[in-house]
Structures are given as structure tokens and as C-alpha cells.
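The values are calculated or read from the model by the stated rules, or taken from the named source; none is laboratory data. In this text the structure is predicted, and so the values were computed from the model without any measurement. Cβ placement follows ideal geometry from the backbone for every residue including glycine, while neighbour counts extend to all protein chains displayed.
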Amino acid sequence: MKNRTHVGISMNYMHLGQHMQFHIRDKYINALYEFGAQPILIPCFDDKDILCSYVNMVQAVVIIGGNDYPPQLYGAEPHPKTEVMELRRAKSDFHLVEICLEERKPLLGICAGMQLLNIFFGGKLIQHLDNLDHHYGEKYHPIRIENSRWLPRIFSEHELMVNSNHHQGVDPRYLGQGLKPVAFADDGCIEALEYDSENMILGIQWHPERINDPEHRRRVFEFICTPNS
């Protein structure tokens, strides 16, 4: 039997139908499984001890995309276009970042998961991008990688074509402490962030789990299984 890396993956908590439900798109789980992981689903809890027990089961953690983090977390009033996620998920995600830092577990934040990192470390978001047509609706556009520690270990290229489906972005005027932007779209939108630590804390704005390029997807998710090798 193949030995698989245990990778924890966050979930959404949202109203679906008549009930509140934990929810995750299948493409996240399928991509992890396809490239060597045994995905461990982490439900949303505002209970650090329980979440710590999940993180202790795994070798890395992925925080997925979703609705918008509550602007109150970074001292802002909601924009009319902001679609706020349940506070239960936001609190759970904050705990996961904190635990990964404490336990030195590699973490990858995807889309909203990247924006979470900026909020966690004291930064702010642009709640609704001016150049929305470039980034929303599964648009494909180029990005350039600059001065990154982790992305060159995943990709040999300095320019990539990525898929976007986000209406918010990291505010470059308010970067979280210890974070460095390491990839950019042509319009200046920040496409990746890294935290200054020996342990990988990486956020990417695009969606590798559903990108059309299978080689791109393979590189990302194989790396998650061996991030500190």
C-alpha cells in the first residue's frame, strides 16, 4: 500500500438548502489525493485544542477559498459587494494559521486563504477590485514571480498563466507584518505572499486545484506532500 502524506484541509461552513453545512468542493480533495496525499478534512471549530489535534495528525495544511473574511477583522466597514463568510469559519481559520506557526507545519492558503494570511498578520484587503474583469469569473491571466523562496521550488518558470476567481485582493498599502509579496499580475494585483520563516507559510491567489494545466496542478500538490524536503 502506498504511503500517503496526511494533508489537512479546511472547510467552509455555510447555509445550504435548509441547513447549515460543512462544505468543500471536490476538486480540492481530488487534487490532493491524485498527487499523493491522504486528505484530512478539518471542520470549522472555534476551539483551538480540537483544531490542534487535527493539525497534529497531518504533515501540512491547506486553507481553501470561499466567501469574504469579515471586514471587522481588519478594522474596516463592509463594502456593498462584500459577501461575508460565517464568523465560525473565520475564527477556525485564524486558529489554524496560529497552530501551524506554533507547530511549524507547512501551510498553503488558496485564494481567500491567501487573503486570510494578510489579515492574520495585521494587514488589510481591498474589498472590491477596480479591475474586476481581469480577475473574476475563472479568468486566465499571466503573473510574474519575484524574489520568492518557495515558488521557484514548485515552478521553474518566472512567469505563469493562472486562473482567477476573486473580487477582493491584498491591499499593498497594508501588508501584514513579516509577509512579502512574491508574485504579481500585470495590473499590480498581488498574486502570492510568503511569511518570513523557515517553515513554509505560502498564499496564492489563484486556484491550482481546478486549473486547466495538469502539470501546474501536479507541481503544486506534489509539493504540498513534500514541502520541506
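Please enumerate the residues belonging to segment 38-60 that are over 16 Å from HIS6 (Cα atoms) and surrounded by 15 or more Cβ atoms within 10 Å (Cβ to Cβ). Across segment 38-60, the qualifying residues are CYS44, PHE45, LYS48.
Filtering segment 3-30 to residues that are touching a residue at least 24 places away in the same chain (Cβ under 8 Å) and over 21 Å from ARG89 (Cβ atoms) leaves ARG4, THR5, HIS6, ASN30.
Conditions (1) touching a Ser or Thr at 6+ places or on another chain (Cβ under 8 Å); (2) of a type in the set (Val, Ile, Thr); (3) under 23 Å from TYR69 (Cα atoms), marked per residue:
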position	(1), (2), (3)
LEU108	no, no, yes
ILE126	no, yes, yes
HIS134	yes, no, yes
ILE143	no, yes, no
GLU159	no, no, no
HIS167	no, no, yes
ASP171	no, no, yes
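Within segment 161-178, being within 20 Å of HIS128 (Cβ to Cβ), touching a strand residue (DSSP E or B) at 6+ places or on another chain (Cβ under 6 Å) and either among the polar types (S, T, N, Q) or buried (at least 20 other Cβ atoms within 10 Å of the Cβ) (or both) holds for ASN163, SER164, GLN168, GLY169, VAL170. In segment 116-138, the residues that are on the phi < 0 side of the Ramachandran plot form Cβ pairs under 7 Å with partners that are crowded, with 20+ Cβ neighbours inside 10 Å and among the charged types (D, E, K, R), at six or more places apart or across chains, as follows: LEU116/ASP93.
Check segment 16-37 and report whether any residue there is surrounded by fewer than 20 Cβ atoms within 10 Å (Cβ to Cβ), within 18 Å of the chain's Cα centre (by Cα) and in a strand (DSSP E or B). The answer is yes, given that some residue of segment 16-37 is surrounded by fewer than 20 Cβ atoms within 10 Å (Cβ to Cβ), within 18 Å of the chain's Cα centre (by Cα) and in a strand (DSSP E or B). Within the set ILE99, ILE63, the sole residue that is in contact with a strand residue (DSSP E or B) (Cβ under 6 Å, 6 or more places away or on another chain), crowded, with 21+ Cβ neighbours inside 10 Å and without any contact (Cβ under 8 Å) to a residue 60 or more places away in the chain turns out to be ILE63. Return yes or no: is ASP196 in contact with a strand residue (DSSP E or B) (Cβ under 8 Å, 6 or more places away or on another chain), among the charged types (D, E, K, R) and exposed (fewer than 14 other Cβ atoms within 10 Å of the Cβ)? So ASP196 passes the test.
Out of all the residues in segment 131-139, is one or more polar (S, T, N, Q) and either modelled with pLDDT of 95 or more or crowded, with 20+ Cβ neighbours inside 10 Å (or both)?
Within segment 131-139, the first condition is being polar (S, T, N, Q), and the residues that meet it are 131.
Narrowing the set further to residues that are either modelled with pLDDT of 95 or more or crowded, with 20+ Cβ neighbours inside 10 Å (or both) leaves none.
Scanning segment 131-139 turns up no residue that is polar (S, T, N, Q) and either modelled with pLDDT of 95 or more or crowded, with 20+ Cβ neighbours inside 10 Å (or both).
Could you go through segment 41-58 and let me know if any residue there is under 25 Å from TRP206 (Cβ atoms), among the hydroxyl-bearing types (Ser, Thr, Tyr) and in contact (Cβ under 8 Å) with a residue 24 or more places away in the chain. Scanning segment 41-58, I find no residue that is under 25 Å from TRP206 (Cβ atoms), among the hydroxyl-bearing types (Ser, Thr, Tyr) and in contact (Cβ under 8 Å) with a residue 24 or more places away in the chain, so the answer is no.
Take the residues in segment 178-223 that are acidic (Asp, Glu) and in a loop (DSSP other than H, G, I, E, B); name whichever of them is nearest to the chain's Cα centre (by Cα). Here the residue is ASP196.
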